[in-house]
Amino acid sequence: MYHYATVSKALQELNDKGYTTDFNLEEERIKNNQDDFEIQHIYRYEGESDPGDEATVYGIKAKTGEKGVYVASPGAYNENTAARVLLDMTIKGRAEQQ
């Protein structure tokens, strides 16, 4: 998987691949229906000097075929967020691969 230099470059490339829905605007949908989604791409960015530059970009596909992105900042992973659901899905996916 290619790792893009910046978040904006990753978002543009994913958009070019058909990931057009902004799932940040649909957090409740992800939180309430996590089994309807599959994480297909994950890109993590760490700010070298500024923690504010840290982010994770998820390329997500819904069972309906709809594809989109979700961008999470480090502080987004509290107990009741879509970012937390996606992190848990990532961890579960890794465990199933072992």
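Observations, loosely collected:
- With R₀ fixed at 30 Å, the C-beta to C-beta distance from S8 to K31 puts the FRET efficiency at about 0.70.
- Spin-label pair D22/T81, simplified geometry with 7 Å Cα→Cβ offset, distance in nm: 1.7 nm
- Positive contributions from Lys and Arg (+1) and negative ones from Asp and Glu (-1), summed over other residues with Cβ under 12 Å from the Cβ of E26, come out at -3.
- 3J(HN,Hα) from dihedral phi, segment 36-45, Karplus parametrisation 6.51/-1.76/1.60, rounded to Hz, x for glycine, proline: 8, 10, 10, 7, 9, 9, 9, 10, 10, 10
- Segment 7-97: C-alpha pair distances exceeding 21 Å, %: 28 percent
Read-outs throughout are calculated quantities, based only on the coordinates presented, and are distinct from any laboratory measurement. Computed from a prediction, not measured in an experiment: that's the story for all the values here. Ideal geometry is used to build each Cβ from the backbone, glycine not excepted, and the neighbour counts take in all protein chains shown.
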